[in-house]
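*Asks:* Below is a structure I'd like to ask you about.
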Amino acid sequence: MASLRQSLSPDDGEPLPPNVPAKSVVPLFLGKYAEEFSLSDAHPLLSDLGEAFSPAAEFRLGQDCHTPPSFRAPEAKFEPHTPLAYPSDIWSLAPAIWEIVGMKAIFSTDFVHEDEIVSQSIDVLGPMPSGWWRQWEGQSRFFNEEGSPTESYRENRWPPLQDSFEVGVQKWRRKVGDEFEENEKAAFLDLMRQMLSFGPKERLTAEEVLKLEWMVKWALPDYERSLNYSLGNA
């Protein structure tokens, strides 16, 4: 599938309301379904839409972070006047890895308020730093002052990390006979915990991510096999 972007304009010639996008994307069929494409057919084009930047060379505050909420590091919300740094990328990378290996996102990718993403991150990962907890204005919608879920939120809580893995990753992989063995599962969850530490200074660096067990024993070998497959079918 591909897409065609079209400009939109109202019939009466008036400007579009602020809640209406100026562009629409119309699906196009190229004569071949996605499941019929081979790896050698894929020619991905990556675009940052003007959002990528290097913290070492460019100054950008947390309040100016435009990363989608389900991938956005929490310091962008709770430390809005602090410059974004590389640990924010590590946080954003973790949900991306999760979606690649599974079917259900670790945090909601629906159009929800950012406070819902905060509540989900607490459900999945545990308590956030006390300073952030005290300044979180949306806290009372989900939790009481002691940190217990409110009665209205209790039934909508997201499962903790290991249970989220079972629901979002393992359940779907099991259907196709490709579930994680226990040792790989443990290594993967260890990677997620260290990449999704609430405190930016506690997160892994990119170099440390590549040295962790799941990357060394499973991800990188799979990547090398995919390269060999691609070259063999070129």
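*Asks:* Name the most mobile residue of L16, L125, L46, meaning the one with the largest mean-square fluctuation, in a Gaussian network model of the chain with Cα contacts below 10 Å.
*Replies:* Its mean-square fluctuation being the largest, the pick is L16.
*Asks:* Which residues' amide hydrogens lie under 5 Å from the amide hydrogen of L61, considering only partners 5 or more residues apart or on another chain, with H built in the peptide plane?
*Replies:* Placed amide hydrogens put L84 under 5 Å from L61.
*Asks:* Right, another one. Would you mind getting the accessible area per residue of the range 60-233, heavy atoms of the protein chains only, 1.4 Å probe, in Å²? Intermediate values should be presented prior to the final figure.
*Replies:* On the way: 10050 Å² over 174 residues.
Here the residues of the range 60-233 average 58 Å² of exposed surface.
*Asks:* What does the charge dipole of the range 60-233 about its Cα centre add up to, to the nearest 20 debye, if the Cβ of each Lys and Arg holds +1 and the Cβ of each Asp and Glu holds -1? Numbers along the way, then the final one.
*Replies:* Numbers: 19 positive and 29 negative charges, 45 e Å.
Dipole size: approximately 220 debye.
*Asks:* Now a separate question. Please list 3J(HN,Hα) in residue order for the range 134-147, calculated via the Karplus relation 6.51 cos²θ - 1.76 cosθ + 1.60 where θ = phi - 60°; whole Hz, with x for glycine and proline.
*Replies:* 5, 8, 6, 5, x, 3, 5, 5, 10, 9, 8, 5, 7, x
*Asks:* What's the local net charge at N183, with K and R +1, D and E -1, over the other residues with C-beta under 10 Å away?
*Replies:* Details: positive: K185, K217; negative: E181, E182, E184, E213.
Charge balance in the 10 Å sphere: -2.
*Asks:* Which distance in nm do the two modelled labels at D89 and N144 give, with both placed 7 Å along the Cα-to-Cβ direction?
*Replies:* 4.4
*Asks:* For the pair S54 and R173, how long in nm is the line joining their label points, each one 7 Å along Cα→Cβ?
*Replies:* 3.5
*Asks:* Under a straight-distance cross-link criterion of Cα-Cα below 18 Å, which aspartates and glutamates are reachable from K77, leaving out those fewer than 8 residues away in the same chain?
*Replies:* The reachable aspartates and glutamates, counting only those whose Cα sits under 18 Å from K77, are E51, D64, D89, E114, D115, E116, D123, E137, E202.
*Asks:* Please build a GNM for the chain, connecting alpha carbons under 10 Å apart, and tell me which residue among W98, W136, W214 fluctuates the most.
*Replies:* Taking springs between Cα atoms under 10 Å, the residue moving most is W136.
*Asks:* Please list, in chain and number order, the residues 5+ apart from F143 or on another chain whose amide H is under 5 Å from its amide H, with Hs placed from the backbone.
*Replies:* T150
*Asks:* A further question follows. What are the ³J(HN,Hα) couplings of the range 75-91, residue after residue, when phi is run through the Karplus curve with 6.51, -1.76, 1.60 and θ = phi - 60°? Round to Hz, x for glycine and proline.
*Replies:* The phi angles translate into 5, 4, 8, 8, 10, x, 9, 9, x, 5, 9, 4, x, 5, 5, 4, 4 Hz.
*Asks:* So if each residue of separation counts as 0.36 nm, and I subtract the Cα-Cα distance between E181 and Q63, what length gain in nm does that give? Mind dumping the intermediate values first?
*Replies:* Details: separation 118, 0.36 × 118 = 42.48 nm, distance 4.07 nm.
Taking 0.36 nm per residue and subtracting the Cα distance, the gain is 38.4 nm.
*Asks:* Also, quick follow-up: GNM, the chain, Cα, under 10 Å: largest mean-square fluctuation among E116, E58, E213?
*Replies:* So, out of E116, E58, E213, the one fluctuating most is E58.
*Asks:* Determine the relative contact order of the range 60-233: mean sequence separation of Cα pairs under 8 Å and six or more apart, normalised by residue count, in whole percent. All intermediate terms of the calculation are to be shown ahead of the outcome.
*Replies:* Numbers: 168 pairs, mean separation 38.2, N = 174.
Relative contact order here is 22 percent.
*Asks:* Ranked by accessible surface with a 1.4 Å probe, highest first, in what order do S121, S40, S130 come?
*Replies:* Details: S121 10, S40 40, S130 75 Å².
In descending accessible area the options line up as S130, S40, S121.
*Asks:* Also, quick follow-up: Give the lysines reachable from K171 as a straight Cα distance under 16 Å; neighbours fewer than 8 places away on the same chain don't count.
*Replies:* Partners within reach: K104, K185.
The values are calculated or read from the model by the stated rules, or taken from the named source; none is laboratory data. In this text the structure is predicted, and so the values were computed from the model without any measurement. All Cβ positions, even for glycine, are placed from backbone atoms using ideal geometry, and neighbour counts span all protein chains on display. Heads up: the accessible areas ignore ligands, DNA and RNA and are worked out on the full protein's heavy atoms, side chains in. Shrake-Rupley method; radii C 1.70, N 1.55, O 1.52, S 1.80 Å.
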